[in-house]
Amino acid sequence: MIAFANKIYFFLLLFVPLLVWWHVYLGKKGKRHIFYSSKQLFRGADSSIKAILVKSLSYIKFIPLVLFIAALARPQILNYYSIENKKGIDILISLDISGSMSSIDFKPKNRLEVAKEVISDFIRKRETDRIGLVIFAGASYTRCPLTIDYDLLKLFLKDTSIGELEDGTAIGMALATSVNRIRHSKAGTKIIILLTDGVNNRGEMDPRDAAAMAKDFNIKVYTIGVGTRGRAPYPVKDAYGRVQHVMMNVEIDEKLLQEIANSTGGLYFRATDKDSLQQIFSEIDRWEKTEITTKKHHEAKDIFIYFILAGLLLLMLVEFARRTVLRTLP
């Protein structure tokens, strides 16, 4: 778009009508006459194109004046553009891989496989956030540190399986490991998403103490309990090595998970199937958004020289025409 940096000079245009009036006044005052016997001798002479141009030359000279005033106003071409400053957040996903995660209540796959699919989709939706992965059962360890290499992170997630760690559910240790991994982060927002299907029964760290650590480091914890309500089919091997499914009670310490979430400013969710788990991660994705600051800038290119050149060219054409094709008697 075209803009003018010094619009105040446009006030000079107010003098243009005054100059036109003064020019007309002086023209009438010093008007010369040629006497001839009859108007019939020059019938139609005033309406010819040449006659009109001759009369207009004096007024055309005011157009360069307008162009020069516009040049004083400093015309510019502005190119606008925006710069986005994205401030990512740090997310640590703590995933339960205990034996009970093999229960087939998220048909047709078990809890762990469904959780891995939903988490992978969650990772795909993030853009500038660092995300890490902690896995736990009877113990816990960092599977992948905080990273923006999402392909590598999803590869670690895909290779995660039940049986990597001693069986059990060490929620306190999982949360403490996650806090220790993320506590030194300089990100403005730090969150932990802890997903489990059991009751804390292993580890040396009390989950409530780990939650207090998270609160001290300003880390928000979202907790998710996965598993249908009531009983769920659990795969076991018989004496002949054949896999059979036995119905077992689903035990999730929802009260503990709610305490952890509430004490850190997070939320507790219960996922009873794949759809509800997807909805939970969609909600977290919607609430924990990356901070984006947009600043608008513009580049200005001065084009006043073109107005000056146009005015000079028009003046030269007027003077050239006055002395040649549109020449009049003195």
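Restricting attention to the stretch 177-216, which residues are among the acidic types (Asp, Glu) and closer than 27 Å to residue 278 by Cα?
Applying the first criterion (among the acidic types (Asp, Glu)) to the stretch 177-216 yields 197, 204, 206, 209, 216.
Within the stretch 177-216, just 197 meets the criteria.
Of all strands (runs of 3 or more DSSP E) completely enclosed by the stretch 82-167, which ones contain at least 3 residues that are acidic (Asp, Glu), without any contact (Cβ under 8 Å) to a residue 60 or more places away in the chain and more than 20 Å from residue 273 (Cβ to Cβ)? It would help to see each step written out before you state the result.
Working: elements: 90-96, 130-136, 140-147.
The strands (runs of 3 or more DSSP E) meeting that bar number zero.
Find the strands (runs of 3 or more DSSP E) located wholly in the stretch 201-294 whose residues include 2 or more that are modelled with pLDDT of 85 or more and not aliphatic (A, V, I, L, M), and list them. If you could, list the steps in order and put the result at the bottom.
Values: elements: 219-226, 231-237, 243-249, 268-271.
In the stretch 201-294, 219-226, 231-237, 268-271 are the strands (runs of 3 or more DSSP E) which contain 2 or more residues that are modelled with pLDDT of 85 or more and not aliphatic (A, V, I, L, M).
How many residues does the stretch 142-183 hold that are surrounded by fewer than 16 Cβ atoms within 10 Å (Cβ to Cβ), under 13 Å from residue 116 (Cβ atoms) and in contact with a helix residue (DSSP H, G or I) (Cβ under 8 Å, 6 or more places away or on another chain)?
The qualifying residues number 2.
For the condition assigned by TED's automatic domain parsing to the domain that holds residue 162 and closer than 20 Å to residue 130 by Cβ, what is the one hit in 196, 189?
On the way: 196 fails: closer than 20 Å to residue 130 by Cβ.
So the residue among 196, 189 that is assigned by TED's automatic domain parsing to the domain that holds residue 162 and closer than 20 Å to residue 130 by Cβ is 189.
Scan the stretch 180-200 for residues that are among the polar types (S, T, N, Q), touching a residue at least 60 places away in the same chain (Cβ under 8 Å) and not in a strand (DSSP E or B) and jot them down. Before you say what the answer is, go through the steps one by one.
Step one: filter the stretch 180-200 for residues among the polar types (S, T, N, Q), giving 180, 185, 189, 196, 200.
Now restrict to residues that are touching a residue at least 60 places away in the same chain (Cβ under 8 Å): 185, 189, 196.
Within the stretch 180-200, 185, 189 qualify.
Could you figure out which of (1) more than 33 Å from the chain's Cα centre (by Cα); (2) at pLDDT 95 or above isn't true of residue 167?
(2)
The values are calculated or read from the model by the stated rules, or taken from the named source; none is laboratory data. Computed from a prediction, not measured in an experiment: that's the story for all the values here. A quick note on method: Cβ atoms are made from the backbone with ideal geometry, for glycine too, and the neighbour counts reach across all protein chains shown.
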